[in-house]
Amino acid sequence: DNMFKNCTGIKQVTIPNCTHYIGANVFNGCKNLEVINYNGSDVSYYTNGHNAFAQAGSSVESCVLNIGGGYVPQYLFSNSGITEVNFGTSSLNVLDYAFQSCSRLKTITNGSSVASTGRASFIYCTALEDVNFNNLTKLGAYCFQGCTNLTNVTIPKNITTLSTSVFNNATNLK
């Protein structure tokens, strides 16, 4: 926990797929972080990664997150300064609150790689405008709640689970 907290000199981080655990607040406050390469397909579901990247990238114009596959643990990128997420080409699951309150997150690329989202996965991502999750099977409750700039969402016709209040207060959705 707190290993690199508030290290403003860190500009790029790579989490390899051999990583099994990420502690809380590890990169919290790394405000100059520009690129996060997350290949943590072996990261434990029970990782304590709460706010691991909170405020990371908040002082730079763009903070890009590249994801290699597997799944994104709960709260891992919540409250971060991420502006763009590239989900790569491997199927993955985005767990509960993974991107909660990423208020600068505007762009999601390769959304077709996302197989399912958990509860409130993108809640309060207020800059998010367009989402294309065309291979999704499950959309968790409150997933896009409070995404006030969200105007377009693409989900497949054969989605199996569409939970409650997914788009609650997504006031610009057309």
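The values are calculated or read from the model by the stated rules, or taken from the named source; none is laboratory data. Computed from a predicted model, the values in this text were never measured in an experiment. Every residue, glycine among them, receives a Cβ derived from its backbone with ideal geometry; neighbour counts consider all protein chains shown. These accessible areas exclude ligands, DNA and RNA; they are computed on the full protein's heavy atoms, side chains included. Shrake-Rupley method; radii C 1.70, N 1.55, O 1.52, S 1.80 Å.
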Rg(Cα)/(2.2 N^0.38 Å) for the stretch 95-174, N = residue count: 0.94
Cα centroid separation - the stretch 106-124 against the stretch 66-103, whole Å: 7
Extension gain (nm, one decimal) between LYS157 and HIS20, 0.36 nm per residue minus Cα-Cα: 45.8 nm
Debye log10 I(q)/I(0) at q = 0.11 Å⁻¹ for the chain, Cα point scatterers: -0.39
Accessible area of the stretch 105-174 belonging to carbon and sulfur atoms, whole % at 1.4 Å probe: 43
For peptides 136-143, 55-62, sequence by mean Cβ density within 10 Å, most packed first: 136-143, 55-62
Overall dimensions of the stretch 47-134 as given by Cα atoms, namely Rg and Dmax in Å: 11.5, 33
